[in-house]
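Since every read-out is calculated from the coordinates, none of them should be taken as a lab result. Note that the structure is predicted; figures quoted are calculated from it, not measured. Positions of Cβ are generated from backbone atoms using ideal geometry, with glycine treated the same way; all protein chains shown enter the neighbour counts.
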Amino acid sequence: MFNESILSNILYGNKTASKEDVINLAKRINIHNHIDNFTDKYDSKVGTLGSKLSGGERQRILLAR
């Protein structure tokens, strides 16, 4: 995981995906509501190696990637 936004971390796996694609995928893997509760939503920084996220949130974001 990179110390960038959640959106950037997910888009790393598919540079051609749109933000709408990412949101739809996040809803399917049940992480969207967690992301939506963050102050900056999909623009929230994840910290070094995802340190600002729980283990389950890191796994789901990597799965989305």
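In this simple spin-label approximation, residue 37 and residue 12 carry label points 7 Å from Cα along the Cα→Cβ vector, and these lie 2.4 nm apart. If the Kirkwood radius is taken over C-alpha pairs of the chain, then at 37 °C and 0.692 mPa s the Stokes-Einstein diffusion coefficient equals 290 µm²/s.
Roughly how big is the chain's charge dipole about its Cα centre, with Cβ charges of +1 (Lys, Arg) and -1 (Asp, Glu), in debye to the nearest 20?
Working: 10 positive and 7 negative charges, 33 e Å.
Once rounded to the nearest 20, the dipole reads 160 debye.
Within the shell of other residues whose beta carbon sits under 13 angstrom from the beta carbon of residue 64, the net charge comes to +4, with Lys and Arg scored +1 and Asp and Glu -1.
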